[in-house]
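Written out below as structure tokens is the structure these notes cover.
The values are calculated or read from the model by the stated rules, or taken from the named source; none is laboratory data. Here the structure is a predicted model, which is why all the values come from computation and not from measurement. Glycine gets a Cβ as well: all are built from the backbone with ideal geometry, and neighbour counts include every protein chain shown.
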Amino acid sequence: MPIKTILVIEDDRFIGEMYVRSLKKAGYEVDWMVGGNDGLVAARNKQYDLLLIDIMLPERRGNEIMDALRGKEDLIPESKIIVITNFEQDEESRMAMERGADAYLIKAEITPKKLLDVIEKLG
């Protein structure tokens, strides 16, 4: 199933605007939430093809959102999840994160073009 709708959960305004602008320009329908709680509510209220989730968020961390969506609380297996972070993690927590995510990207290394390439491969 091709990816058409994307929810971006990112509290950094500059990065969020850059992602949203490049995703919309590429033809995706994009919603953007800045806080973890709002992001989780949005993900539960609308079916997205892809969730782009930052780890370090106000109110609720990205891994907590993933646990809620992929864990016992909710089940949204059809949505792909890309984790974006500048947060360096130890190997064990990174592996745990990757098990719940379809892709794991470091913000400092990801350009809008690279992000679009990753999304295309997932779709």
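Listed by first and then second residue, the pairs linking a residue in segment 98-123 that is over 13 Å from MET18 (Cβ atoms) to a residue that is of a type in the set (Phe, Trp, Tyr), with Cβ atoms under 7 Å apart and 6 or more places separating them unless they lie on different chains, are GLU98/TYR104. When ARG70 is tested against (1) surrounded by 14 or more Cβ atoms within 10 Å (Cβ to Cβ); (2) farther than 20 Å from PRO112 by Cα; (3) at pLDDT 85 or above, exactly one condition is not met: (3). When restricted to residues that are buried (at least 16 other Cβ atoms within 10 Å of the Cβ) and not in a helix (DSSP H, G or I), segment 103-123 contains 4.
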